[in-house]
Every structure is written in structure tokens, then in C-alpha cells.
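The values are calculated or read from the model by the stated rules, or taken from the named source; none is laboratory data. Note that the structure is predicted; figures quoted are calculated from it, not measured. Glycine gets a Cβ as well: all are built from the backbone with ideal geometry, and neighbour counts include every protein chain shown.
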């Protein structure tokens, strides 16, 4: 295990981690003033249904995650700084996202959403690697749990702000979406002036090593393969809002539901991050995936708003339990010189499943009904959980990053 640098309090997270957490809070504040309104905009203004929503979310996420491999890889080369990728990504997203409010068709929403996610693709793997570079081996879960908790806290604030504007101000969704530019630009300013990146040693290994799947360790390949399959059973979270709209829930209640789910995510993320440093990544990931499969099964039979509220909380618990552990396990399995590349593979493989996942649920929902869609997704999540339990055996040697 890497020793704690002299003068650093082992209980205190580094400045870089704290700043990235605050940037994530502001960015998600902006994002979640917009994202919960997309299914409502499609259904009420643009006359588009679940297939269009599935295509939009699937294409946007896949483009984003494919780009993450490139950005993560290039942030490793020659000891390059990772901050420029992070700045460019946040800037692009926060310039594009407010334009969704003036869209005239679902194809325009798709174009803008893809542009927004290109920004996410540029920043995510370099940002996660930047966190990894700044922390010690025994605090990875805590660091990623902390940043995910602030990320979800920003989502709470964004959804509550949108709900407040709709309730006390205007019912015009385009105005709410336009106002998201304010916290978004604050996030860009904070990442530009707040993050101080230290130079990294360059041993040339990232440049010499070809970008091949076979270069990953066997346990890493098994982990990422199972994770990609699990993603096939994951619903875009915005489908919960579409289901709520079908159940007759008003816009303000849907925004409050979205905020409440993120409160659960934020509350659980911080505690789960600390626990995964103590007991390991595998128990939390297995537990979270089982919770997810059960939740999807239950959502198939939800027919009233109260039950949608209850199972949305369970969904938030899953996210809070697993997000930090999944990222910390990537760090555990990666050599320091190629952390950006490892996170790129992680995000890219998850993203390649986004289009079939979104289209699968949207198509089944449209043709066979919501019950079939959620039951199929639950079955896929169950299979992936069994695969992780059987094939991803993480030994103590895997839990150090060298």
C-alpha cells in the first residue's frame, strides 16, 4: 500500500477530490433542472413516446461512453495533464444543455442531448483518473463515494429548483431549462480556477502499450464484461418519470420524486464509500445488483404513484451502494500509468450496452406493455448478478493498485 505523504491528514480528502465534488454538485444542479423534464417535453410538447426517449438516451449515452475510452487513453499518454479534458467537457455540456428548451422536434432533442453527452465523454474518465492520481490506496472508496454523494446532492438541488420554478413561477418548461445555465457556468468556473493538477511521472508505458482488450488482466475483463451485460438490464432513470406521467402524477410531484431518489443516492453513497474500503468492493456490488433486480421486478407491478415512490427509493439505494464501489474496483485493478485508459474501458463498455438497453425497454414497453419491459430487464439483471458472483473473484492482490 502506498504510504500517506508527509503532512497529509489521512482522514482528510485532498483538495482535488473536494473541488471535483463541488464541481459535480454544481453540474448536476444544472443537469437535473433539465433531464427530468425531457420525457415530459417529449410526451406533452413534441408528441413522442417511450421509443423516442429510449433512442435519445441510448444514443446519447453510447456516444458519450465511446468517447470516454479515447479521452481516458489520451489523458494517460506522455504524462499529459488531465485537467484540459475536464474543462472542455464541462464547458461543452453546459453550453449545449440549455438549448433543449427551444427544440422543435425530438430529433433536435437527440442532437442536443448527444452534444451534451460528448462533453460528458470528454471529461469523465480523465476526471475519475485525476481523483485516482490524488488519493491513497486505502481511501479510494471514500473518495469516489464522496464525489458521488455531492453529485447526487446537486441532482436534489436541481430537481427542487425546477419544481419550485414550476410551482411558484412558470409552467413553461423552456424557461426552467434555460435557467439551468446559471449553475452550469458556475461549475465551469470552479473547475477552471479551483483544480490544481500536479505533474505526473511519465515512464512511457502508456504510449508503448497498444490499446488492446487482451492487455487487461483476466479478472478485469471478466468484471467489465459482466458489468456490460448488467447494463443491458438497466433502465434509463427517466423512464420512471415517464411511468409516473402515465400514472397521472403532475410535473411538480415528478420533480420531487426525482429529487427524493437522489437524496437516497447521496445519503447512501458517502457511507457506502467508507464501507467498501473496509470490507471490499465485491459485497457491496453484489448486494446492490440484487437490490436492483428485485426493484425492477417490483416496478413491473406498480399501478399507483405511492408504490412508484417507494420503489424509486429502492432504486436510489442501489445507485448509492454500488457507484463508488464499481469505480474503486476499476482503480484497484489498474496500474497507475494507465488509470485513464482503465476508466475509459469501464465507461465505454457500459455505454455500448446503452442503446440496446434503452431500445429494448422502450420497444417492449410500446409493444407488450410496461410489465413485460420491467420483467425482462429484471431477468437480465439477475443473470448478470449471478455472473459477477461466479466469475469475478477479487483477491487481496487485486485490491491494491501498486
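Can you tell me which of 153, 132, 103, 139 is under 23 Å from residue 269 (Cα atoms) and at pLDDT below 85?
139
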Original post:
Are there any pairs with C-beta distances below 8 angstrom linking a residue in segment 298-313 that is on the phi < 0 side of the Ramachandran plot and without any contact (Cβ under 8 Å) to a residue 24 or more places away in the chain to a residue that is crowded, with 19+ Cβ neighbours inside 10 Å and not in a loop (DSSP other than H, G, I, E, B), with the two at least 6 apart or on different chains, and if so which?
Top reply: 298/311; 311/295; 311/299
Original post:
Looking at this structure, is residue 217 under 30 Å from residue 76 (Cα atoms) and within 15 Å of the chain's Cα centre (by Cα)?
Top reply: no
**OP:** Please find, among 383, 359, the residue that is within 18 Å of residue 231 (Cα to Cα), surrounded by fewer than 22 Cβ atoms within 10 Å (Cβ to Cβ) and modelled with pLDDT under 80.
**Re:** 359
Original post:
Taking segment 143-153 on its own, how many of its residues are under 13 Å from the mean Cα position of the chain (by Cα) and more than 12 Å from residue 261 (Cβ to Cβ)?
Top reply: 7
Subject >> Condition check for residue 188: modelled with pLDDT of 90 or more, under 18 Å from the mean Cα position of the chain (by Cα), buried (at least 17 other Cβ atoms within 10 Å of the Cβ) and assigned to a helix (DSSP H, G or I) >> reply: no
Original post:
Given the structure, is residue 160 surrounded by fewer than 21 Cβ atoms within 10 Å (Cβ to Cβ), assigned to a helix (DSSP H, G or I) and touching a helix residue (DSSP H, G or I) at 6+ places or on another chain (Cβ under 6 Å)?
Top reply: yes
Subject >> Condition check for residue 273: under 23 Å from residue 380 (Cβ atoms) and in contact with a helix residue (DSSP H, G or I) (Cβ under 7 Å, 6 or more places away or on another chain) >> reply: no
